[in-house]
Amino acid sequence: MGGGVIDEIFATFREKGRSTYLGEPVTLTEHMLQAAVAAEDDGADDELVAAALLHDYGHLIHDLPEDSAEHGLDTAHEDVGHAFLARHFPPEVVEPIRLHVAAKRYLCAVEPSYLDELSEASRHSLELQGGPFDEAEVREFQRNPHWRNAVRLRRYDDLGKEPGRRLPGVESFRPVLEAVLLG
Ligand code: FE
């Protein structure tokens with residue numbers, strides 16, 4: 001039954017992954033693959049590579065239009081993705097996914113240069129997501145045991161916006177997903 005959900009995930013990438021990623025010059029599938037490759041290049045473990053590959057899965061499965069942000073709507077894709085994925089993957093995979101938007105708000109608060117380097121689309125969505133954390137929110141974020149990996153995932157996310165890069169197929173990550181799938 002485990003293999004079933006991985007097949008379902010790959011089918012969803014095929015059906016929904018070709019749309020562009022929120023104003024960035026890559027498709028959603030390219031974006032998530034680039035993030036996964038960045039995680040591998042960084043020596044991340046299977047859980048974090050899987051998190052990078054699936055971090056925007058919520059964008060693939062929610063039913064809101066892709067240009068929602070332009071219309072001032074936060075799709076809360078991190079929660080949509082988490083709700084589905086938490087049924088099949090452990091916290092080491094799904095907590096960084098749930099926290100990857102919070103990690104952006106965290107980095108904007110603690111690293112002044114981070115905000116300046118955000119892409120245009122990402123800066124726009126930041127406002128819809130609540131803006132940089134204040135001090136209390138920073139402390140609260142750091143109470144989650146997975147916060148460091150959420151920040152690492154965020155950096156892979158930010159690296160996944162390069163047009164025209166040669167990439168492996170999503171299916172090449174099957175062994176990684178199988179290794180971390182819940183029994
Ligand atoms: Fe992303």
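The values are calculated or read from the model by the stated rules, or taken from the named source; none is laboratory data. Predicted, not measured: the structure shown is a model, and the values here were computed from it. Counting neighbours? That spans all protein chains shown, and the Cβs are built from the backbone with ideal geometry, glycine included. Calculation scope for accessible area: heavy atoms of the full protein, side chains included, ligands and nucleic acids excluded. Shrake-Rupley method; radii C 1.70, N 1.55, O 1.52, S 1.80 Å.
Residues that are in a helix (DSSP H, G or I), free of Cβ contacts under 8 Å to residues at least 60 places away in the same chain, of a type in the set (D, E, K, R) and touching a Leu at 6+ places or on another chain (Cβ under 9 Å) are absent from the range 79-96. Scanning the range 91-141 for residues that are β-branched (Val, Ile, Thr) and farther than 25 Å from Leu28 by Cβ yields a count of 2.
Tell me whether the range 154-169 contains one or more residues that are among the aromatic types (Phe, Trp, Tyr), free of Cβ contacts under 8 Å to residues at least 40 places away in the same chain and touching a helix residue (DSSP H, G or I) at 6+ places or on another chain (Cβ under 8 Å). Within the range 154-169, not a single residue is among the aromatic types (Phe, Trp, Tyr), free of Cβ contacts under 8 Å to residues at least 40 places away in the same chain and touching a helix residue (DSSP H, G or I) at 6+ places or on another chain (Cβ under 8 Å).
Give me the pairs, please: first residue somewhere in the range 3-24 and touching a residue at least 12 places away in the same chain (Cβ under 8 Å) and under 14 Å from Phe173 (Cα atoms), second residue anywhere and more than 13 Å from the ligand (Cβ to nearest atom) and in a loop (DSSP other than H, G, I, E, B), beta-carbon distance under 8 Å, and either six or more positions apart or on two chains. Once the first residue is touching a residue at least 12 places away in the same chain (Cβ under 8 Å) and under 14 Å from Phe173 (Cα atoms) and sits in the range 3-24, its partners that are more than 13 Å from the ligand (Cβ to nearest atom) and in a loop (DSSP other than H, G, I, E, B) give Val5/His88; Val5/Leu181; Ile6/Leu181.
In a residue-by-residue description of the range 99-106, the property of being of a type in the set (Ser, Thr, Tyr), at pLDDT below 90 and either assigned to a loop (DSSP other than H, G, I, E, B) or within 15 Å of Asp157 (Cβ to Cβ) (or both) applies to no position. Give me the residue from the range 7-56 that is open to solvent by less than 10 Å² (accessible area, probe 1.4 Å) and of a type in the set (Val, Ile, Thr) and, out of that set, nearest to Pro91 (Cα to Cα). Among them, the one singled out is Val49.
Checked against the criterion of being aliphatic (A, V, I, L, M), modelled with pLDDT of 95 or more, closer than 21 Å to Ala121 by Cβ and within 14 Å of the ligand (Cβ to nearest atom), the candidates Ala39, Ala69, Ala52 yield just one match: Ala52.
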